[in-house]
1. If one computes P(r) from the Cα atoms of the range 88-144, what percent of pairs lie at distances over 19 Å?
2. To the nearest 10 degrees, how steep is helix 26-37 against the longest Cα principal axis of the chain, on a 0 to 90 scale?
3. Hey, what angle do you get for helix 88-100 against the long axis of the chain, alpha-carbon based, 0 to 90 degrees rounded to 10?
4. Go from 0 up to the bin containing the longest alpha carbon distance in the range 22-91, width 5 Å each, and give me the % of pairs per bin.
5. Give me the angle, in degrees from 0 to 90, between the Cα long axis of helix 2-15 and the longest principal axis of the Cα atoms of the chain, rounded to the nearest 10.
6. What length, rounded to one decimal in nm, is gained on full extension from Glu83 through to Arg141, with 0.36 nm per residue of separation minus their alpha-carbon distance?
7. Just want to confirm a number: the relative contact order over the range 88-144, from Cα pairs under 8 angstrom separated by 6+ residues, in percent.
8. For the chain, build the charge dipole from Cβ charges (+1 Lys, Arg; -1 Asp, Glu) around the Cα centre, then report which of Ala20, Ala100, Leu128 sits farthest towards its positive end.
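Nothing in this text is a laboratory measurement; each read-out follows from the coordinates by a stated rule. Quick caveat: nothing in here was measured; it's all calculated off a predicted structure. Cβ atoms come from the backbone with ideal geometry, glycine included; neighbour counts cover every protein chain shown.
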Amino acid sequence: MRTAILSATALAMMCLPALADRPVTEAEREKINAALAAIGCHATDLEFDTGDNRYEVDDARCGDDGKTYDFELNTDFVIVDGERPVNAEERARIDAVLTAEGCSGGIAEFDYDDNRYEVDNVVCGQSLYEIDLDTDFQILRKKLDD
């Protein structure tokens, strides 16, 4: 009996259509690239994840640092997951906050999933910190870097 149930389950699973990524259409590609261009990025590795109902962007190039970034966009072509480098205006505002705290430096990125700026390796006195700021550049968290 157990063998019959396992066989029936295996057969049923083989008959279900597999959820997989699909290539994006040209119209989707244009909308994704417009969203990426708005944050200074460009990518060619784009697909739609039918399981998550999101567009996936792999290895986007942002800025001149040579690093690549991954993003996810919802069906309205809004970035909902991933991290990107900050632009010059954001960096200046972050530096002003850090200076007011008696700190400097750090590597800053914007995290779409958490909707905040994350700054690692910030020097405050003789110690390194991780500092998170909200979208109004208010400090949310200041944690001693391990």
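1. Details: 245 of 1596 pairs.
Of all Cα-Cα pairs in the range 88-144, 15 percent lie more than 19 Å apart.
2. It is inclined by approximately 20 degrees.
3. 50 degrees
4. 4, 18, 31, 25, 13, 6, 2, 1
5. Orientation of helix 2-15: about 70 degrees from the principal axis.
6. Values: separation 58, 0.36 × 58 = 20.88 nm, distance 1.79 nm.
Extra length available between Glu83 and Arg141 comes to 19.1 nm.
7. On the way: 93 pairs, mean separation 14.1, N = 57.
Once divided by the residue count of the range 88-144, the mean separation gives 25 percent.
8. Ala20
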